[in-house]
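Coordinate-derived values only; no laboratory data. Remember, it's a predicted structure, so these values are computed and weren't measured experimentally. Backbone-built Cβ (ideal geometry, glycine too); neighbour counts: all protein chains shown.
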């Protein structure tokens, strides 16, 4: 299906899986398309709502306009445009190679939109500027066909090429269907992308998946990425090169299902709950508010502040069963019904960080008037109007 994104260009996307399931945005690699995830998606779509789209000039998406979609940040904005068009406020994100860098950008720059992040065959910095400049020049001289054989050698192992010739030719077809402009623009994005400084800003749970025999992003690079992100977990898939989602779909799908559908571990320490709760609380309420609350704590209420951070924010708000936008709306409705005006104002202001719109707030409070009574909704509208005007 097409939609107008990235400055009104036609962007092709696919949806599969139950509409009410947690949303997962899948971002493909340079020179492929949404089809690179076909085998993995077939194993996940019974449990998750899967969103895929072709990057500009790849698959069925239009080539990028001159000067557009040439940075990872611009590609990340295009991904958010699609989620906005589909009404998805938050999603898990799975990125492959270039898609992994887009996923890192989303997690660092827009944490309120991202739940969990899986980075496959990617790193904060891939290759060198010279490598990508040479690749751009080769494509401009001879088209994508000029680099096809070399790319395919990096994508899969020789054993896979012998075992699955049809799948190998399918990958070649995806590569050759990529427009010259789209391929060169994506190379430019990879050339200029260096997300090493952004890794420390990522608070979402992160899984890094590497191919044991990946020549493009060696295991050492994946290990360095995992080490740079607090709490990130590294998994290495045996007998896989760069396109591990094609070569070992069972192993990759199992890792993704375990990670994306995980619930908080029951045996977590108080320190772990505190760290996660602090990150979630800052993301929803804003770092400034949280720092003021913690700085103002005394011996009288310090235990309460710690309990709220661990119990409410580290446990309930961190659960994957509801996204933060939904939890935000539910919290506002409950506070309005209970007449907890101070907390209501706090969460109305915080709703800007969870993707709730002013129009949705108005609908929510109108709905609350039916089930909690007109006086409660009237007071809630007054509190919300004041909070929104802050």
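Under 16 Å from a label point 7 Å along Cα→Cβ of residue 304: give me every residue in the stretch 329-349 with its amide N that close. Residues 340-344 qualify, since their backbone N sits under 16 Å from the label point.
Return the Rg/Rh value of the stretch 215-265, two decimal places, where both radii are evaluated on C-alpha atoms and Rh is the Kirkwood radius. The partial results should precede the final answer.
Values: Rg = 12.1 Å, Rh = 12.2 Å.
With Rg and the Kirkwood Rh in hand, the quotient comes to 0.99.
For the chain, the alpha-carbon coordinates run over 70, 44, 38 Å along the three principal axes, in decreasing order.
Just need the Rg to Rh number for the stretch 1-130, please, alpha carbons only, Kirkwood Rh. Please report the intermediate quantities before stating the final value.
Numbers: Rg = 13.6 Å, Rh = 14.6 Å.
We get a ratio of 0.93 for the stretch 1-130.
Working note: 222 nm ellipticity from helices only, DSSP H runs with n ≥ 4, each -39,500 (n - 2.57), summed and divided by the residues of the chain, gives -15500 deg cm²/dmol to the nearest 500.
Of the Cα atoms belonging to the stretch 270-388, the radius of gyration and Dmax stand at 14.7, 43 Å.
Note down the relative contact order for the stretch 2-260 as a percent, whole number, built from C-alpha pairs under 8 angstrom at least six residues apart. For the stretch 2-260, the relative contact order is 22 percent. The mean sequence separation of alpha-carbon pairs under 8 Å and at least six residues apart, normalised by the residue count of the stretch 272-364, gives a relative contact order of 35 percent.
Take every DSSP beta bridge with both residues inside the chain and express the antiparallel ones as a percent of the total, to the nearest 5.
Details: 8 of 30 bridges.
Approximately 25 percent, going by the DSSP bridge assignments.
Highest mean packing comes first when the peptides 237-247, 280-290 are listed by Cβ atoms within 10 Å, giving 237-247, 280-290.
With Cα atoms defining each centre, the stretch 289-316 and the stretch 133-212 are spaced 46 Å apart in the structure.
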